[in-house]
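> Pasting a structure here, questions to come.
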Amino acid sequence: MRFSLPEDGGRRPLQTTLGVLAGIPFATGIVDIIAGPDMLLGGRNHVTASLDSEFRFASTFWCAVGPLIWSKLSRIDDDSPVLPLAIGTVFLGGFARSRSWRVRGRPHAVFVGATALELIGMPIVLAWHRHVVRQARAARRMS
């Protein structure tokens with residue numbers, strides 16, 4: 001049995017998938033800004049004021065990823081760099097987590113899952129997005 005996408009490359013399912021996935025960094029960013037690093041899974045951490053400040057600052061970028069992706073959902077088949085850059089940023093975040101894992105040790109299982117989603121899921125979503133863009137471009141040329 002061969003899996004095939006509809007003629008539009010799966011535009012609607014991609015919109016739904018990205019709409020849901022974008023909620024993860026948005027919600028995480030808000031929680032991290034409000035609660036700080038002490039709320040991280042794996043126990044309360046004793047962190048310095050500087051680390052707390054940096055953690056909350058970096059969390060604003062997670063917060064921004066969701067609305068960035070949501071803003072492009074209605075025009076998901078445009079060849080804009082916004083979605084690839086946002087998805088690519090999340091992918092790079094997976095490498096940052098991997099670096100932390102090597103330096104500090106294995107994180108809580110939730111963060112292992114997040115790393116997998118970032119390093120495996122994001123390239124799949126990016127390839128899917130490229131496919132939708134190509135299909136839309138081909139459809140516009142034919143009409």
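> Which residues, counting only those in the range 90-143, are over 22 Å from residue 29 (Cα atoms) and among the polar types (S, T, N, Q)?
Listed by number, the residues that qualify are 135, 143.
Here is a yes/no grid of residues against (1) at pLDDT below 95; (2) over 25 Å from residue 135 (Cα atoms):
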position	(1), (2)
52	yes, yes
69	no, no
72	no, no
79	yes, no
99	no, yes
109	yes, yes
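> Given the condition more than 23 Å from residue 34 (Cβ to Cβ), among the β-branched types (Val, Ile, Thr) and touching a Pro at 6+ places or on another chain (Cβ under 9 Å), answer yes or no: does some residue in the range 88-109 qualify?
No, because not a single residue in the range 88-109 is more than 23 Å from residue 34 (Cβ to Cβ), among the β-branched types (Val, Ile, Thr) and touching a Pro at 6+ places or on another chain (Cβ under 9 Å).
> Residues that are of a type in the set (S, T, N, Q) and modelled with pLDDT of 95 or more: does the range 20-30 have at least one?
no
> Search the range 57-72 for residues that are farther than 16 Å from residue 31 by Cα and pair each with any residue that is of a type in the set (Gly, Ala, Ser) and in a helix (DSSP H, G or I) when their beta-carbon atoms are under 6 Å apart and the residues are at least 6 apart or on different chains.
Between residues of the range 57-72 that are farther than 16 Å from residue 31 by Cα and residues that are of a type in the set (Gly, Ala, Ser) and in a helix (DSSP H, G or I), the close pairs are 68/86; 69/86.
> While we're on this one: Go through (1) surrounded by 13 or more Cβ atoms within 10 Å (Cβ to Cβ); (2) at pLDDT 95 or above; (3) within 20 Å of residue 116 (Cα to Cα); (4) within 15 Å of the chain's Cα centre (by Cα) one by one and return the number of the condition residue 95 breaks.
(1)
> Give the number of residues within the range 47-79 that are within 19 Å of residue 16 (Cβ to Cβ) and over 15 Å from the mean Cα position of the chain (by Cα).
Within the range 47-79, residues that are within 19 Å of residue 16 (Cβ to Cβ) and over 15 Å from the mean Cα position of the chain (by Cα) number 5.
> Given the conditions (1) more than 28 Å from residue 135 (Cβ to Cβ); (2) surrounded by 14 or more Cβ atoms within 10 Å (Cβ to Cβ), which single one is not true for residue 35?
It is condition (2) that residue 35 fails.
> Go through the range 98-120 and give me each residue that's surrounded by fewer than 17 Cβ atoms within 10 Å (Cβ to Cβ) and charged (D, E, K, R).
99, 102, 104, 106 - these are the residues of the range 98-120 that are surrounded by fewer than 17 Cβ atoms within 10 Å (Cβ to Cβ) and charged (D, E, K, R).
> Output yes when any residue across the range 34-48 is of a type in the set (S, T, N, Q) and modelled with pLDDT of 95 or more, and no when none is.
Within the range 34-48, not a single residue is of a type in the set (S, T, N, Q) and modelled with pLDDT of 95 or more.
> Given the criteria modelled with pLDDT of 95 or more and part of a helix (DSSP H, G or I), does residue 14 qualify?
Here the answer is yes, as residue 14 does meet what is asked.
> Right, next: Give me the pairs: first residue in the range 74-89 and exposed (fewer than 14 other Cβ atoms within 10 Å of the Cβ), second residue polar (S, T, N, Q), beta-carbon distance under 9 Å, and six or more apart or on different chains, which are they?
Here the result reads 74/15; 82/71, each pair linking the range 74-89 to a residue that is polar (S, T, N, Q).
The values are calculated or read from the model by the stated rules, or taken from the named source; none is laboratory data. Predicted, not measured: the structure shown is a model, and the values here were computed from it. Neighbour counts run over all protein chains shown; Cβ positions are idealised from the backbone, glycine included.
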